[in-house]
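Reading through the structure tokens given below for one structure.
Since every read-out is calculated from the coordinates, none of them should be taken as a lab result. Just so we're clear, the structure is a prediction, and the values are computed from it rather than from any experiment. So basically every Cβ, Gly included, is an ideal-geometry build from the backbone, and we count neighbours across all protein chains shown.
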Amino acid sequence: MKTKLTKSNIIFMIIIALLIIPQTRHPIQIVLHKGLSYINQSTMIDANERVQVTYDHWKLQSDTNVTLDFNSTKDKVVFVNFWATWCPPCIVEMPSLQALYTDYNDKVDFLFVTTDTFDVVETFKNKKNFDFDVYNSLNEIPKELMTSSIPRTFIINKKGEIVVDESGAVDWNSAKVRGQLDQLLAE
């Protein structure tokens with residue numbers, strides 16, 4: 001018995017072929033994650049479920065050659081984003097992170113943490129016109145911030161509690177996130 005190829009079967013095979021080819025897979029992933037970033041929202045963790053961050057020992061090196069002791073962020077609102085230049089959901093959320101950074105960098109400590117080399121990071125930042133500092137960890141990350149997936153973003157309040165813990169692409173430049181940051185800064 002012969003099977004008749006329908007339009008939907010042909011379209012399905014074309015989509016599968018496009019996802020297999022590296023040159024087309026990456027842009028398709030970015031478009032899909034862009035759509036998901038509008039669905040995935042930043043949510044505050046209930047006060048009784050918040051985890052306290054350990055500040056001891058974590059040191060970071062910035063792409064501008066500044067060494068940061070995580071301990072210096074105590075009593076501040078801190079925004080920690082783990083990401084990479086090759087990660088489609090990370091690439092999707094970076095413009096919203098840049099916009100948020102532009103408006104809040106004088107009030108919130110932003111730590112954009114990657115394992116990419118600074119040469120790769122600088123090329124990426126220059127291509128996209130991003131001006132935030134990027135950090136490499138110099139030693140072990142606090143266990144409360146350990147992650148095996150990226151992007152992963154934590155917002156820490158002035159008491160040192162993780163109040164937001166989000167995985168995947170998020171539109172960080174939303175009214176909801178700005179409201180969360182304003183609330184945390186006012187505490």
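Scanning region 93-129 for residues that are more than 20 Å from Val164 (Cβ to Cβ) and either surrounded by 17 or more Cβ atoms within 10 Å (Cβ to Cβ) or of a type in the set (S, T, N, Q) (or both) turns up Thr115, Asp116, Thr117, Phe118, Val121, Thr123, Phe124, Lys125, Asn126, Asn129. Only one of the listed residues (Val163, Val170) is surrounded by 19 or more Cβ atoms within 10 Å (Cβ to Cβ) and part of a loop (DSSP other than H, G, I, E, B). That residue is Val170. So for region 54-72 (the condition being within 21 Å of Ala169 (Cα to Cα), aromatic (Phe, Trp, Tyr) and touching a residue at least 24 places away in the same chain (Cβ under 8 Å)), does at least one residue qualify? No, there is no match, as no residue in region 54-72 is within 21 Å of Ala169 (Cα to Cα), aromatic (Phe, Trp, Tyr) and touching a residue at least 24 places away in the same chain (Cβ under 8 Å).
Could we say that Phe154 is touching a residue at least 12 places away in the same chain (Cβ under 8 Å), within 20 Å of Lys107 (Cβ to Cβ) and in a strand (DSSP E or B) here? Please lay out each step first, then the result.
On the way: touching a residue at least 12 places away in the same chain (Cβ under 8 Å): yes; within 20 Å of Lys107 (Cβ to Cβ): yes; in a strand (DSSP E or B): yes.
It is true that Phe154 is touching a residue at least 12 places away in the same chain (Cβ under 8 Å), within 20 Å of Lys107 (Cβ to Cβ) and in a strand (DSSP E or B).
A search for C-beta distances below 6 Å between a residue of region 88-103 that is more than 9 Å from Ala169 (Cβ to Cβ) and any residue that is surrounded by 23 or more Cβ atoms within 10 Å (Cβ to Cβ) and among the β-branched types (Val, Ile, Thr), counting only pairs 6+ apart in sequence or on different chains, returns nothing.
Just name the residue that is nearest to Phe118 (Cα to Cα) out of those in region 51-63 that are in a loop (DSSP other than H, G, I, E, B) and within 20 Å of the chain's Cα centre (by Cα). Before the answer, list the steps.
First, the residues of region 51-63 that are in a loop (DSSP other than H, G, I, E, B): 53-58, 63.
Now restrict to residues that are within 20 Å of the chain's Cα centre (by Cα): 53, 58, 63.
Working: Val53: 27, Trp58: 19, Asp63: 6 Å.
Of everything passing the filter in region 51-63, Asp63 is nearest to Phe118 (Cα to Cα).
Tell me, yes or no, whether region 110-118 has at least one residue that is closer than 23 Å to Ile156 by Cα and not in a strand (DSSP E or B). Before the answer, list the steps.
Start the filter on region 110-118 by keeping residues that are closer than 23 Å to Ile156 by Cα, which leaves 110-115.
In the following step, the residues that additionally are not in a strand (DSSP E or B) were identified as 114-115.
Taking every residue of region 110-118 in turn, at least one turns out to be closer than 23 Å to Ile156 by Cα and not in a strand (DSSP E or B).
Ser149 fulfils the conditions (1) out of contact with any Gly (no Cβ under 9 Å at 6 or more places or on another chain); (2) closer than 18 Å to Asp116 by Cα except for a single criterion, (1).
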